Amino acid sequence: MVDREMYLTGGISVMAQREGFGIDYLLPQGTDEGGCYAETCASIAFLTLAQRMLHLDLDSRCAEFVEICLYNTIMTAMSLDGKSFTYIDQLASSETDKNVRERWFWCACCPPNLDGTIRQFGQLSLGLCAELQFKAGYSTITLRQKTDWPREGKVDFK
């Protein structure tokens, strides 16, 4: 699946007709070209599978697939205000088949799946620079993570 039927963005599931795969290496850019269904929920399922496989076997390819799906399809499937979503994450948009976020779908699996996936982010360990601020009693605690992992193999917390 990864080598022959996955987009560089982590999108999978080419054929809208059966929400499945086509022939090997058939990766159209948009649905008006006959494919690129790349459903958000399929990327969520693939991220979940890759994350669970990573727990079984510390294979860096699994971590790479988690990152690809998370950053390129899952995080882009919801608007910043959390009120509109993409069902299909196609690479190209045209006048006849525009790729836009919608407020809701007739098959509303993506919004609750995105919500559940985002709630799991505390369980993901990815090499990101990040900052977290929280209250502890009367104090405000700031935790900063600075990293160039995996290139340098170093993560600093302050």
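In this simple spin-label model, placing a label point 7 Å from the Cα along the Cα-to-Cβ direction at both SER93 and TYR138 gives a separation of 5.2 nm. Legend: Rg and Dmax of the chain, from Cα coordinates, 17.8, 60 Å. Dipole size of the chain about its Cα centre, with +1 on Lys/Arg Cβ and -1 on Asp/Glu Cβ: approximately 780 debye, rounded to the nearest 20.
Extending 7 Å from Cα along the Cβ direction at ASP156 and again at THR48 yields two label points whose distance is 3.9 nm.
From its DSSP helices (H runs of at least four residues, each -39,500 (n - 2.57)), the chain gives a residue-normalised ellipticity at 222 nm of -7500 deg cm²/dmol.
The GluC sites (Glu not before Pro) found in the stretch 42-138 that occupy coil by DSSP, while having at most 16 further C-beta atoms within 10 Å, are GLU95.
A short reminder: the numbers here are calculations on the coordinates, not readings from a lab. Being a predicted model, the structure only gives us computed values, none of them experimental. Every residue, glycine as well, gets a Cβ built from its backbone with ideal geometry; the counts of neighbours run over all protein chains shown.
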